[in-house]
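Enquirer: The structure that follows is given in the form of structure tokens.
The values are calculated or read from the model by the stated rules, or taken from the named source; none is laboratory data. None of these values were measured; they are calculated from a predicted model. Quick reminder, even Gly has a Cβ in these numbers, built from the backbone with ideal geometry, and neighbours come from all protein chains shown. Accessible surface is based on the protein model in full, side chains and every heavy atom, while ligands, DNA and RNA are left aside. Shrake-Rupley method; radii C 1.70, N 1.55, O 1.52, S 1.80 Å.
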Amino acid sequence: MTKIEAQPGIMDIALYEGGKSKVEGVTNVVKLSSNENPFGPSPAAQEAVRRSVHELHRYPSTDHADLRAAIAEIHGLDADRIICGVGSDEIITFLCQAYVGPGTEVIHTEHGFAMYKISTLAAGGTPVEVAERERVTDVDAILEACTDKTRLVFIANPNNPTGTMIGMAEIERLAEGIPDQCLLVLDGAYAEYVEGYDGGAKLVEMRDNVVMTRTFSKLYGLGGLRIGWGYAPKAIIDVLNRLRGPFNLSNTALAAAEAAIRDIAYADKCRDENTRLRAILSEQLMEHGVPTDTSCANFVLARFASQSEAEACDLYLQKQGLIVRRVAGYNLPNCLRITVGDEPSVRRVAYCIGQFKAGER
Ligand SMILES: *Cc1c(COP(=O)(O)O)cnc(C)c1O
């Protein structure tokens, strides 16, 4: 028997399953499984990527000063409280490395993002799952689940894969009610899709126990380059920076992100198109007898009568070249998560679900 063993918790990690991007035997698939921006990144970001080719022999900035300044300027934030990471996933990893270890607990919600649990286990901590109320974050249930071992509470607002969100008053009540040794992490991966919502940035500035994470992977269409950021009290940024590799973001990623965040008109256009097409998608699904919750993000969660119906519909859609996301792993076996694509994709997926439902009868 080998004596080489991974640290406790690591073998409990279930490998993350990304959205599928291929169907065997079908060409020209439409991928609606990973909440990607169907319009891609801003032309300015694409140009910045092309220009970065000339700097590939140079090491990138270690302090990300230009990108942090751009984020601070656009969002009206303090650049000293921003940390940039390889996707917001890396910020989540840093938070767990810094504050979680054996004997500590981390709360995530019933239908919460898989990375919270994975990063908690990787750090040797114990994930604690808290029920939601009809697919909405339940602040009272979270507060009840807190113990003197709780170090982090993760909520995504809007949440993935439900698309639902809770109001600022509820978030403030949560920040106020968690134990003293505990940090509230507000995952704002979809915050940009909600007009007028700051993702909790102002709350971060008012308190010492709230962190916000954000990403360039969704509205900004840069998932392939892996760029995210966190906003936190100065003392926490100081801790996280000690864990951050000095060259975690490439020249290319930094340049693309800065160009993307400065192209406000493009971001606004993507948000408006998403809002319009999301309404079309959920209305048409409703007409076909497939309800969805009111989504605040760039996807909808379609609810079917049973797990077998959801799976049959998924297979039917795959045959039509449409890839959506099964979410049984998120305790939603009778649901499919469908990214809001461009208009032809939205109309096609709605039409095909209508065909599927008609064929069932
Ligand atoms: C997509 C997503 C992220 C973003 O991950 P990146 O590492 O920034 O690509 C974070 N949280 C949630 C809930 C997400 O859905």
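Enquirer: Determine, for the chain, the count of lysine pairs separated by eight or more sequence positions (or lying on different chains) whose alpha-carbon distance falls under 19 Å.
Expert: So the count works out to 11.
Enquirer: How do 164-173, 115-124 rank on mean C-beta neighbours within 10 Å, highest first?
Expert: On the way: 164-173: 16.2, 115-124: 22.0.
Per-residue mean Cβ counts within 10 Å order the peptides as 115-124, 164-173.
Enquirer: Give me the net charge for the shell around ALA70: Cβ to Cβ below 9 angstrom, other residues only, Lys and Arg +1, Asp and Glu -1. Can you show the working numbers first?
Expert: Working: positive: ARG68, ARG262; negative: ASP66, GLU73, GLU258.
Overall, the nearby charge balance is -1.
Enquirer: In a shell of Cβ-Cβ distance under 13 Å around ASP342, excluding ASP342 itself, what net charge do Lys and Arg (+1) and Asp and Glu (-1) give? Don't skip to the end; give the middle numbers.
Expert: Working: positive: LYS31, LYS269, ARG276, ARG278, ARG347, ARG348; negative: GLU36, GLU273, GLU343.
So the environment of ASP342 carries a net charge of +3.
Enquirer: Are there trypsin sites (Lys or Arg not before Pro) in the range 30-67 that DSSP marks as loop and that have at most 12 other Cβ atoms within 10 Å, and which are they?
Expert: Of the trypsin sites (Lys or Arg not before Pro), the ones in loops of the range 30-67 whose Cβ has at most 12 other Cβ atoms within 10 Å are ARG58.
Enquirer: Compute, for the range 261-333, the length of the dipole vector about the Cα centre, with Cβ point charges of +1 (Lys, Arg) and -1 (Asp, Glu) only. Units Debye, rounded to 20. Display every interim value, and only then the final one.
Expert: On the way: 9 positive and 10 negative charges, 40 e Å.
Result for the range 261-333 is approximately 200 debye, rounded to the nearest 20.
Enquirer: Sticking with this one: Over 21 Å apart: what share of the alpha carbon pairs of the range 263-361 falls there, rounded to a whole percent?
Expert: Numbers: 1393 of 4851 pairs.
Value for the range 263-361 (Cα pairs over 21 Å): 29 percent.
Enquirer: Spin-label point model (7 Å from Cα, Cβ direction): what's the ALA141 to ILE10 distance in nm?
Expert: 3.3 nm
Enquirer: Just to make sure I understand: if all protein chains stay in place, what is the order of VAL53, VAL349, VAL128 by accessible area at 1.4 Å, largest first?
Expert: VAL53, VAL128, VAL349
Enquirer: Report the equivalent ellipsoid semi-axes for the range 43-263 in whole Å, largest first, defined as the square roots of five times the eigenvalues of the gyration tensor built from alpha carbon atoms.
Expert: Values: eigenvalues 175, 67, 47 Å².
Semi-axis lengths for the range 43-263 are 30, 18, 15 Å.
Enquirer: Turning to a different aspect of this structure: In the range 1-75, which GluC sites (Glu not before Pro) fall in coil by DSSP and have 12 or fewer other Cβ atoms within 10 Å?
Expert: Values: sites: GLU5, GLU17, GLU24, GLU36, GLU47, GLU55, GLU73; in loops: GLU5, GLU17, GLU24, GLU36.
Of the GluC sites (Glu not before Pro), the ones in loops of the range 1-75 whose Cβ has at most 12 other Cβ atoms within 10 Å are GLU5, GLU17, GLU24.
Enquirer: While we're on this one: Write down the accessible area per residue of the chain in Å², having rolled a 1.4 Å probe over the full set of protein chains. Don't skip to the answer; put the middle values down first.
Expert: Details: 16230 Å² over 361 residues.
Per residue, the chain has 45 Å² of solvent-accessible surface.
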